[in-house]
1. Take the range 420-485, compute every pairwise Cα distance, and split them into 10 Å bins from 0; I just need the percent in each bin.
2. Given a Förster radius of 41 Å and the C-beta distance between residue 344 and residue 116 as r, what FRET efficiency does 1/(1 + (r/R0)^6) yield to the nearest 0.05?
3. Per DSSP helix of 4 or more residues, -39500 (n - 2.57); summed, then divided by the residues of the chain. What does that give at 222 nm, rounded to the nearest 500?
4. Using label points projected 7 Å from each Cα along Cα→Cβ, tell me how many nm separate residue 514 and residue 480, to one decimal.
5. Return the aspartates and glutamates within reach of residue 189: Cα separation strictly under 14 angstrom, same-chain partners fewer than 8 residues apart disregarded; answer none if there are no such residues.
6. So what's the net charge close to residue 256: Lys and Arg +1, Asp and Glu -1, counting the other residues with Cβ under 9 Å from its Cβ?
7. Let me check I've understood the local charge: for residue 87, count other residues with C-beta under 12 angstrom from its C-beta, Lys and Arg +1, Asp and Glu -1. What total comes out?
8. Quote the FRET efficiency, to the nearest 0.05, computed for residue 351 versus residue 544 with a Förster distance R0 of 45 Å and r equal to the Cβ-Cβ distance.
Amino acid sequence: MGKDTARAEWDNPMQFVLACVSYAVGLGNVWRFPYLCQMHGGGGFLIPYLLMLVLLGVPLFYMELAIGQKMRLGSIGAWRAISPYLGGVGLASVVTSMYLCLYYNVINAWSFWYLFHSFQSILPWAECPVNSNLTGHVEECERATPTQYFFYRETLDISGSIEENGGIHMGQALCLLLAWMIVYLFIVKGVKSTGKVVYFTATFPYLVLIIYLIRGVTLHGAINGVKYMFTPKMEQLANPTTWINAATQIFFSLGLGFGSLIAFASYNQYNNNFQKQAIVVSMVNSSTSIFASIVTFSIYGFKATFNYESCLERVRLLLLNTFDLSEDTISLENVNHWIAELNRTHPEQFANLGGRLETCDLEAELDTAVEGTGLAFIVYSEAIKNMPVSQLWSVLYFIMLLLLGMGSMLGNVIAVITPLSDLKFISRYMSTKTLNGLVCLFCLLLGLGFTTRSGNYWFTMFNDYGATFSLLFIVLIEVITVCYIYGIKRFEKDVEDMLGHRLNWYWKIMLAGVSPILLIALFIFYIVNYIQGGTPTYQAWNKELGKSVVTEYPPYAQAFIGLLLASSVCCIPLTALYTYWKRRNLASGKRERTVSTVSA
């Protein structure tokens, strides 16, 4: 490929690195990685995680940067340049990124909602609201918790199931509009405006994390959470799911397969040292996950200790009142001793306590694993409300979530816009500002569906099924194409042309052997797991019980899941077939013209 000198470029390599960091370091580092540590053996999970980083994450990250920098095109153009039959790989990436754009900015809308509600003397999720009769608290809130009620009722106004539709939540719709307006302003001038924005979106979250770390480790009980994280449960290493989850976390946290990395790298100078940058960004991303986990587990420890000691206090008061003991007889430190003692000395009276006597267990509190929106908007909010000057910590936390989310959104939108702007029939009739605006408007209008009463269930569906399957397939096709269709030797020459040196043994072994095998294993595991899982289910909010209940998706939703799984993947074979049919017709037309000319 020739060098496209007219193409826009980053002002300097640092902008490119910060753009990659801003894109890769996202909400998953804050709410997914800590959950996996909690589920798979604490510090022991770092062993498979770091191993998968070396075997899978860094080589594939390197490969996508190399392709983008060499071809200097978005995902569609880059793969079409390698082979006309492979344009569908880039198209599949665009479709997957479009799905992500539709629902990902909804999280930013929620963050805006919480941020705006943080400027109150009492945080609205700190206590239950009073009912309409002013005779007590709202029953739904009393059955759940104030933080759950604020998220499910005030923020989402959620319906009882995906089949119960309702109108748009105007507050959420306005927050979503604001989120898309900011995204548009960030990308309005293409890479030139994005390059300026990433200085802030890539660095400010670290400042907030450092502030939160200092605050977190000084909270009462924080040490319990940190100990829990770094205490390895080595038996988890024998669990295949631990290794699968480590690989998928590396895979998705780096943003492989979406086309964003190819788009970012296409704006590099031709001889930019992408090898060094691939290693740096991968290490920064993984280090951030570990750093964010320390912050998260310190908050976990504080919350778990607070709940544990609150439980002990309730038991203490129950014992004091039941057995008519003096106030200073039982303390939090000797509650368990008095439970055993009173059970021994007053067995009949103790037995009458029945279900009123709670079991308080700090380890059980720490074992309660939560991920995703449950961690970001419920667990963290519950911990924040118990902190001194809770409004300050709430504002800082949701600003951090916004910047992490916005940084990732830049990559998602650029993954869609760059390939489209490379298409001649679009670039000929449409300016960059117009194209960017139309893409943002399109995503906003479709995204309004997620602000309806059943919108969160559709959000969950897109989050669970919109990208995982397709990305595994896309990246598997990518690495097979580069190594065995384009050829590892040609790829090696391209790298030498850009960097001045050939691939070393590590890159060759990983790309040609180890990474494809791991991707095939992940792909098979996903399919088997999906089949064995039976009918797809989701968590439906039951306001009568004040908790989520597992519910099966209705038939039409299951059909839509199938469409999500197949739609992006189908782009690859369908585009190849279309290209074959088009070239065959073209060749047939040439033969007919040749025959008619000879006959004449």
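Each value in this text was obtained by applying a stated rule to the coordinates, not by laboratory testing. Owing to the predicted nature of the structure, the values given are computational and were not obtained by experimental measurement. Cβ atoms come from the backbone with ideal geometry, glycine included; neighbour counts cover every protein chain shown.
1. P(r) over the range 420-485, rounded to whole percents: 17, 24, 32, 25, 2.
2. The formula returns an efficiency of 0.15 here.
3. Theoretical 222 nm ellipticity from helices: -21500 deg cm²/dmol.
4. Reported label-point gap for residue 514 and residue 480 is 2.2 nm.
5. Filter leaves 9, 11.
6. That works out to -2.
7. Overall, the nearby charge balance is +1.
8. Working: r = 32 Å, r/R0 = 0.71.
Efficiency for this residue pair is about 0.90.
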